[in-house]
1. Would you mind telling me which numbered condition in (1) open to solvent by 30 Å² or more (accessible area, probe 1.4 Å); (2) more than 16 Å from residue 203 (Cβ to Cβ); (3) of a type outside the set (Ser, Thr, Tyr); (4) more than 19 Å from the chain's Cα centre (by Cα) residue 55 fails?
2. Looking at residue 126, is it open to solvent by less than 10 Å² (accessible area, probe 1.4 Å), touching a helix residue (DSSP H, G or I) at 6+ places or on another chain (Cβ under 6 Å), at pLDDT below 95 and in a helix (DSSP H, G or I)?
3. Considering (1) free of Cβ contacts under 8 Å to residues at least 12 places away in the same chain; (2) open to solvent by less than 70 Å² (accessible area, probe 1.4 Å); (3) not aromatic (Phe, Trp, Tyr), say which one residue 6 fails and leave the rest.
4. If you go through region 85-104, how many residues are open to solvent by 60 Å² or more (accessible area, probe 1.4 Å) and over 19 Å from residue 183 (Cβ atoms)?
5. If I filter region 166-202 down to residues being polar (S, T, N, Q) and touching a residue at least 24 places away in the same chain (Cβ under 8 Å), which single residue comes out as least open to solvent (accessible area, probe 1.4 Å)?
6. Under the condition of being part of a helix (DSSP H, G or I) and among the charged types (D, E, K, R), which residue from region 105-117 is least open to solvent (accessible area, probe 1.4 Å)?
7. Condition first: part of a loop (DSSP other than H, G, I, E, B), more than 17 Å from residue 147 (Cβ to Cβ), in contact (Cβ under 8 Å) with a residue 12 or more places away in the chain and among the aliphatic types (A, V, I, L, M). Can you find one or more residues in region 21-44 that meet it?
Amino acid sequence: MSRGFRIAYAAAAAVATVSGSSTSRRAAALTKPLPMVLLAGRVAASARRRSIADNVALASVIGFSTAGDRLMLCEEFTHDDPVAKDRYLRWGATLFAGAQLSYAIAMWRAGARPSARTLLPRLGLLGESATVLARHRRNLLPTLSTYGNTLATMSALASDMPGPQPRMRAGGWAFLLSDLAIVNRRHLVTDRRLRVAGETWVLASYFAAQYLLIGGLADRSVTRPRGPGRSNTSGSSWGRRPGRPASA
């Protein structure tokens, strides 16, 4: 990506993060879509260099994420209706599950394969948020646990991408850690300043993850499959690519 695009994206993400962490719903609603709009333009500009299937996967990531962003914004700024707040969170997680599955399809096509070494630590981390939900919002557990499984799988696949690394691995971890903070911030943090700091982290790490992952997959070199049944990581039921070190 060009230096100009990186600067524009960083500025849009910073504005959206500050607005989303404030008390102004209108400002957040106006600025939160901007980073995804820029990424959509970047993907469209390089569409001819990719297959139709890869373009459909990336368009699905952007579409599901943008719709999910809107619902998560509604969840964040709904204060006096717990039922509506839970509904927004449930549907937001469902849409983002679609985004994670779209990511997974694109990464699988690029040759990435999951392994126990990469998947189990991620599932273990998300088990903490499942425990919090089981105590505070058990009715959300089925939907959010399903989403968590898709997120962990995407993150594990990102770590096994043939390139560009460590960019893809960092993006997968950033997405997982961003979403992990959402449940903890909602149910375990009561101090207002800490809640603002938590939302700042959620948004900043989320926008960073989308930049790393979508930008990485939009790179033409990433979408060249390694061949069936090969993985960069050890412990995989699909096997490990010889001569490549395992990484998480």
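1. Condition (4) is where residue 55 drops out.
2. Here the answer is no, as residue 126 does not meet what is asked.
3. Result: residue 6 fails condition (2) only.
4. The number of residues fulfilling the criteria is 1.
5. Selected residue: 178.
6. 109
7. Taking every residue of region 21-44 in turn, none turns out to be part of a loop (DSSP other than H, G, I, E, B), more than 17 Å from residue 147 (Cβ to Cβ), in contact (Cβ under 8 Å) with a residue 12 or more places away in the chain and among the aliphatic types (A, V, I, L, M).
Table: residues versus (1) part of a helix (DSSP H, G or I); (2) within 16 Å of the chain's Cα centre (by Cα); (3) not hydroxyl-bearing (Ser, Thr, Tyr).
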residue	(1), (2), (3)
133	yes, no, yes
151	yes, yes, yes
162	no, no, yes
165	no, no, yes
169	yes, yes, yes
172	yes, yes, yes
194	yes, no, yes
201	yes, yes, yes
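The values are calculated or read from the model by the stated rules, or taken from the named source; none is laboratory data. Keep in mind that this is a model prediction, so the values were computed, not measured. Here the Cβ is made from the backbone with ideal geometry for all residues, glycine too, and neighbour counts use every protein chain on show. Note: areas computed on protein heavy atoms with side chains; ligands, DNA, RNA excluded. Shrake-Rupley method; radii C 1.70, N 1.55, O 1.52, S 1.80 Å.
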